[in-house]
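No lab work stands behind these numbers, since they all come straight from the coordinates. On a predicted model such as this, the values are computed, not experimentally measured, just so you know. A quick note on method: Cβ atoms are made from the backbone with ideal geometry, for glycine too, and the neighbour counts reach across all protein chains shown.
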Amino acid sequence: MNKPPFGVLLVNLGTPDAPTPKAVRAYLKEFLGDKRVVDLPRWLWWIILNGIILRFRPSRVAKAYASVWQDDGSPLLSMSRKQQHALKAKLATDLGVDIPVVLAMTYGTPSMESAGKELRESGAERLVILPMYPQNSSSTTAAVHDRYANALGPCPHVPASRWITDYHVHPLYIKALANSVNEHWAEHGRGDRLMMSFHGIPERYEKRGDPYPTQCRATAAALAKALELREDQWICSFQSRFGREEWVKPYTDHTLEDWGKSGVGRVDIISPAFAVDCLETLEELEMENRETFMEAGGKEYHYIPCLNDRADHIELLATLVRDNSQGWS
């Protein structure tokens with residue numbers, strides 16, 4: 001068998017195997033048990049996680065997952081598979097050779113170990129590792145690095161690897177985002193404000209050097225510039241708070257409530273932190289926050305989907321891989 005010049009490891013966060021309390025509990029235990037996600041002292045967090053969160057939260061979260069679950073399963077996993085196949089086809093066209101593209105999740109399935117086995121069986125000895133996070137954070141990109149390192153434990157050797165740590169202002173990324181917004185406006189009209197909502201992190205993470213919030217703001221500013229928006233026509237906000245401590249601001253839900261009360265009639269909202277639609281976009285943004293805005297007095301609320309498997313998004317991913325595999329193909 002001819003060995004491929006390299007392989008691609010595509011990594012996203014993860015998802016429960018089913019929208020049930022049992023499956024959600026197993027997923028949350030792995031996800032929230034990662035010190036990259038919650039960095040409290042392990043003994044304290046073990047008590048909180050096992051004594052409180054995993055006793056009460058799975059049932060509520062399972063209902064949220066059930067509201068977005070599709071015929072082919074979790075939307076995050078389903079769309080990630082479509083991205084995987086589209087990227088593989090695009091690389092074959094661009095490079096004239098079959099490049100193995102394998103999907104892994106940091107938490108849940110498919111696991112990093114199963115992905116590694118698939119890559120070994122393909123003959124790939126060099127890897128381009130692409131975490132599907134446009135912005136770099138200790139709780140996402142760094143967690144992928146840790147999980148990858150742990151999966152290498154039983155391996156007889158460490159394969160050569162090149163990491164794509166972020167692409168938060170890559171021209172093709174900003175262009176794809178702008179295309180998606182302009183296409184939405186062309187079909188549905190244009191709102192009074194464009195909200196760019198990113199998944200939040202605790203403020204103290206930023207204070208100790210996590211680059212994520214700064215990169216989110218840079219993404220939002222670049223997209224606003226590409227769309228030729230005035231400063232009063234857009235905002236960068238942060239969603240998905242968890243726990244009682246302060247997270248980076250402004251908060252998405254509080255801002256939407258304020259806008260609804262102040263007479264903002266229509267809001268268009270996009271979440272550039274997510275490469276695929278998932279619970280945080282399909283349930284939290286499209287459903288929960290819609291309700292928040294409308295109950296506060298808003299008139300129209302339009303959610304603009306993630307880039308998912310759009311052709312311009314796949315072109316970006318293929319470009320990232322090609323640029324980071326120079327000398328290997």
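Which one of Leu54, Ala86, Pro272 has its Cα pushed farthest toward the positive end of the charge dipole of the chain, where Lys and Arg give +1 and Asp and Glu give -1 at the Cβ?
Looking along the dipole axis, the top candidate is Leu54.
Gap in Å between the Cα centre of the range 22-95 and the Cα centre of the range 182-252?
The two parts, judged by their Cα centres, are 22 Å apart.
If you count the DSSP beta bridges with both ends in the chain, what percent of them are antiparallel, to the nearest 5?
Roughly 5 percent of the DSSP beta bridges within the chain come out antiparallel.
For q = 0.12, 0.16 Å⁻¹, what log10 I(q)/I(0) does the chain give under the Debye formula with an equal point scatterer on each alpha carbon and no solvent?
Each listed q corresponds, in turn, to -0.87, -1.51.
Would you mind checking Lys22/Lys249; Lys29/Lys88; Lys3/Lys90; Lys29/Lys63; Lys3/Lys175; Lys225/Lys249 for any pair whose Cα atoms are more than 29 angstrom apart?
Pairs exceeding the cut-off: Lys22/Lys249; Lys29/Lys88; Lys3/Lys175.
So what are the ³J(HN,Hα) numbers for the range 295-311, from phi and the Karplus equation (6.51, -1.76, 1.60; θ = phi - 60°), rounded to whole Hz, Gly and Pro as x?
Those phi angles translate into 5, 7, x, x, 9, 9, 9, 10, 8, 9, x, 5, 5, 6, 9, 3, 4 Hz.
Using the Cα centre of the range 106-235 as origin and beta-carbon charges of +1 (Lys, Arg) and -1 (Asp, Glu), tell me which of Ala186, Thr140, Gly108 is placed farthest towards the positive end of the dipole.
The Cα lying farthest towards the positive end belongs to Thr140.
Among rounded, prolate and oblate, which fits the range 105-179 when a ≥ b ≥ c are the square roots of the eigenvalues of its C-alpha gyration tensor, a/c under 1.5 means rounded, and a/b larger than b/c means prolate?
Note, shape of the range 105-179 comes out prolate.
Just how large is the dipole of the chain about the Cα centre, in debye to the nearest 20, putting +1 at every Lys and Arg Cβ and -1 at every Asp and Glu Cβ?
Approximately 880 debye in magnitude.
Can you put Met79, Met105 in order, fewest other beta carbons within 10 Å first? Please report the intermediate quantities before stating the final value.
Details: Met79 22, Met105 25.
With the fewest neighbours first, Met79, Met105 line up as Met79, Met105.
Rounded, prolate or oblate for the range 38-162? Axes are the square roots of the Cα gyration tensor eigenvalues, ordered a ≥ b ≥ c, and the cut-off for rounded is a/c under 1.5.
Note, shape of the range 38-162 comes out oblate.
Can you put Glu187, Glu203, Glu257 in order of Cβ neighbours within 10 angstrom, beginning with the fewest? Each step should come with its number before you reach the end.
Values: Glu187 7, Glu203 15, Glu257 18.
Fewest-to-most Cβ neighbours within 10 Å comes out as Glu187, Glu203, Glu257.
Using only helices, what value at 222 nm comes out for the chain when you add -39,500 (n - 2.57) per DSSP H run of length 4 or more and divide by the total residues, to the nearest 500 deg cm²/dmol?
Mean residue ellipticity, 222 nm, calculated: -14000 deg cm²/dmol.
What aspartates and glutamates sit close enough to Lys35 to cross-link, taking a C-alpha to C-alpha distance under 14 Å and skipping anything fewer than 8 places away on the same chain?
Correct list for Lys35: Asp146.
Along the Cα-to-C-beta direction of Trp328, a point sits 7 Å from the Cα; which residues of the range 100-118 have their amide N less than 11 Å from that point?
Under 11 Å, as judged by backbone N against the label point of Trp328, lie 100-101 of the range 100-118.
Would you mind telling me which residue in Thr93, Thr109, Thr292 has the biggest mean-square fluctuation in a Gaussian network model of the chain, where springs connect alpha carbons within a distance under 10 angstrom?
Judging by the Gaussian network model, the answer is Thr93.
So, with +1 on the Cβ of K and R and -1 on the Cβ of D and E, and no other charges, what is the size of the charge dipole of the range 21-68 about its Cα centre, to the nearest 20 debye? Provide the component values of the computation, followed by the final result.
On the way: 10 positive and 3 negative charges, 35 e Å.
My answer is approximately 160 debye.
Please get the size of the charge dipole for the range 171-304, origin at its Cα centre, with Cβ charges of +1 on Lys and Arg and -1 on Asp and Glu, quoted in debye to the nearest 20.
500 debye
Considering the chain as a Gaussian network with a 10 Å cut-off on Cα pairs, which listed residue, Gln233, Gln215, Gln83, attains the greatest mean-square fluctuation?
The residue with the greatest mean-square fluctuation here is Gln233.
By counting other Cβ atoms within 10 Å of each Cβ, how are Thr165, Thr219 ranked from fewest to most?
So the ranking, lowest neighbour count to highest, is Thr165, Thr219.
May I ask for the angle, rounded to the nearest 10°, between helix 112-122 and the longest principal axis of the chain, with both axes built from Cα atoms and the value confined to 0 to 90°?
The helix 112-122 is inclined about 40 degrees to the chain.
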